[in-house]
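Structure first, commentary second.
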Amino acid sequence: MQKSSRLAIFALIELASNPDRQISTAEIGDKYRVSSHHLAKVMLTLGRAGLVQSIRGVGGGYSFTGNAKRTTLQDVISLFEDTTVTCKLPDPSIATSAEWEMFNISKEINDISVSTHRSITLSTMLKHIERRDQIRARKASEAANA
Amino acid sequence: MVEFAAKTAPELELLIRKVTIDDLDLVNDLDARITGVDKREYWRDMIDRVATRRAGERFFLIAKPCNDTVKCPALGIIIGEIRGWEFGSDPCGWIFAASVDLDYREQGIGEQMFKAICEEFRAVGTETVRTMVRRDDQINMSFFRSEGMSAGPYTQLEINLNER
């Protein structure tokens with residue numbers, strides 16, 4: 001997965017988990033240790049896809065405008081990259097058996113990757129992140145009390 | 001088996017309990033509504049198998065509205081069993097069927113049935129639950145994912161004998 005896709009998913013997670021707030025690219029960038037400049041480009045693409053909207057001015061930033069239950073990771077990734085690119089034959093009409101064999105292997109891996117990303121919605125991500133946060137908090141509390 | 005009333009989305013209370021042969025029509029009707037295929041004899045055999053052989057390790061649950069009268073339709077079913085030693089695996093729970101009425105989806109019925117069957121597995125000492133889903137079956141893939149399942153240590157492999 002390319003860096004822009006990962007950033008987009010992190011940004012959407014931040015925005016979708018804070019539906020009542022506008023969040024700046026600086027704030028998201030700080031949290032995920034990435035430049036605001038790179039993030040701004042990502043947000044532009046997400047805005048064009050209708051997943052976020054920007055509010056200008058003091059206290060402005062971005063808010064989530066998509067449907068977290070309907071938006072899958074694959075929906076987001078496909079905004080930034082062609083996920084079939086790793087398994088394309090340069091010219092199928094003259095491809096050797098070795099190239100076809102490699103194509104089949106790459107396609108198998110790609111199919112698994114795409115179906116995994118397609119099966120995970122932002123809502124599912126949020127649910128699992130919340131659960132992970134709870135477990136981490138509980139362990140931290142237990143360690144502090146030990 | 002613990003029968004319990006589960007809260008789902010607005011004002012729908014569920015009773016999730018083990019299927020009996022008296023539920024045959026309800027189960028078959030539910031499945032026929034979803035798949036369009038009447039498989040009455042298949043379901044009769046399935047209910048009989050779960051009830052009479054390795055009954056303590058096989059679980060066939062039905063979700064109904066809380067007022068569990070004969071006339072109430074089945075809203076969902078889930079079936080699983082403990083299987084062990086195949087493919088070098090220790091015994092674990094397998095869910096091999098789960099269905100929710102098309103008109104009642106996204107109301108938490110699948111989730112409540114999943115929790116109920118996991119409790120059954122847990123009660124007999126199982127810590128791992130598995131299932132198998134077609135990669136292109138996005139509805140079921142998304143459902144099991146949302147319940148916390150992820151890829152396990154096994155990969156399913158197959159061969160088309162006609163291409164060999």
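Of the listed requirements (1) surrounded by fewer than 15 Cβ atoms within 10 Å (Cβ to Cβ); (2) more than 23 Å from B:G152 (Cβ to Cβ), A:L122 misses just one: (1).
Checking each residue in region B:107-124 for being buried (at least 16 other Cβ atoms within 10 Å of the Cβ) and part of a loop (DSSP other than H, G, I, E, B) picks out B:Q107, B:G108. Sub-6 Å Cβ pairs linking a first residue in region B:13-35 that is part of a helix (DSSP H, G or I) to a second residue that is loosely packed, with under 14 Cβ neighbours inside 10 Å, at least 6 apart or interchain, are B:A32/B:D38, ordered by first then second residue.
For the structure I just gave you, tell me whether A:T96 is without any contact (Cβ under 8 Å) to a residue 60 or more places away in the chain and within 12 Å of chain B (Cβ to nearest Cβ). No; evaluated as a whole, the condition is false for this residue. Considering region A:1-49 alone, what residues qualify as being more than 15 Å from the chain's Cα centre (by Cα) and assigned to a loop (DSSP other than H, G, I, E, B)? Matches in region A:1-49: A:N18, A:P19, A:D20, A:R21, A:Q22, A:S24, A:R33, A:S35.
Looking across A:K107, A:K127, one residue alone is assigned to a helix (DSSP H, G or I) and either away from chain B (no Cβ under 14 Å) or touching a Ser or Thr at 6+ places or on another chain (Cβ under 7 Å) (or both). It is A:K127. When we screen B:E158, B:E127 for residues that are among the charged types (D, E, K, R), under 19 Å from B:R83 (Cα atoms), surrounded by fewer than 16 Cβ atoms within 10 Å (Cβ to Cβ) and more than 15 Å from the chain's Cα centre (by Cα), the only hit is B:E127. Scanning region B:54-106 for residues that are of a type in the set (K, R) and in a loop (DSSP other than H, G, I, E, B), we see that the one that is nearest to the chain's Cα centre (by Cα) is B:R105. For region A:106-115, a residue qualifies if it is in contact (Cβ under 8 Å) with a residue 24 or more places away in the chain and touching a helix residue (DSSP H, G or I) at 6+ places or on another chain (Cβ under 8 Å), and the qualifying residues are A:N110, A:V114.
Okay, residues lined up against (1) more than 14 Å from chain B (Cβ to nearest Cβ); (2) outside any helix (DSSP H, G or I); (3) modelled with pLDDT under 90:
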| position | (1), (2), (3) |
| --- | --- |
| A:S63 | yes, yes, no |
| A:I77 | yes, no, no |
| A:T86 | yes, no, yes |
| A:V114 | no, no, no |
| A:I135 | no, no, no |
| A:K139 | yes, no, no |
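Residues of region B:23-53 that are polar (S, T, N, Q), within 16 Å of the chain's Cα centre (by Cα) and surrounded by fewer than 17 Cβ atoms within 10 Å (Cβ to Cβ): B:T35 alone.
Which of the residues belonging to region B:132-147 are under 13 Å from A:T121 (Cα atoms), within 7 Å of chain A (Cβ to nearest Cβ) and not aliphatic (A, V, I, L, M)? Across region B:132-147, the qualifying residues are B:Q138, B:S142, B:R145, B:S146.
For B:R134, the stated conditions do not hold, so it cannot be described as among the charged types (D, E, K, R) and buried (at least 19 other Cβ atoms within 10 Å of the Cβ). B:A151 meets all of the listed conditions (1) within 14 Å of another protein chain (Cβ to nearest Cβ); (2) over 26 Å from B:E57 (Cβ atoms); (3) surrounded by fewer than 16 Cβ atoms within 10 Å (Cβ to Cβ) but one, namely (2).
Checked against the criterion of being within 14 Å of chain A (Cβ to nearest Cβ), touching an Asp or Glu at 6+ places or on another chain (Cβ under 7 Å) and not aromatic (F, W, Y), the candidates B:E81, B:E57, B:E111 yield just one match: B:E111.
Inspection of region B:24-46 finds no residue satisfying the criterion of being within 25 Å of B:G152 (Cα to Cα) and of a type in the set (S, T, N, Q).
Looking across region A:1-42, the residues that are surrounded by fewer than 20 Cβ atoms within 10 Å (Cβ to Cβ) and polar (S, T, N, Q) come down to A:Q2, A:S4, A:S17, A:N18, A:Q22, A:S24, A:S35, A:S36.
The values are calculated or read from the model by the stated rules, or taken from the named source; none is laboratory data. Computed from a predicted model, the values in this text were never measured in an experiment. All Cβ positions, glycine included, derive from the backbone under ideal geometry; neighbour counts span all protein chains shown.
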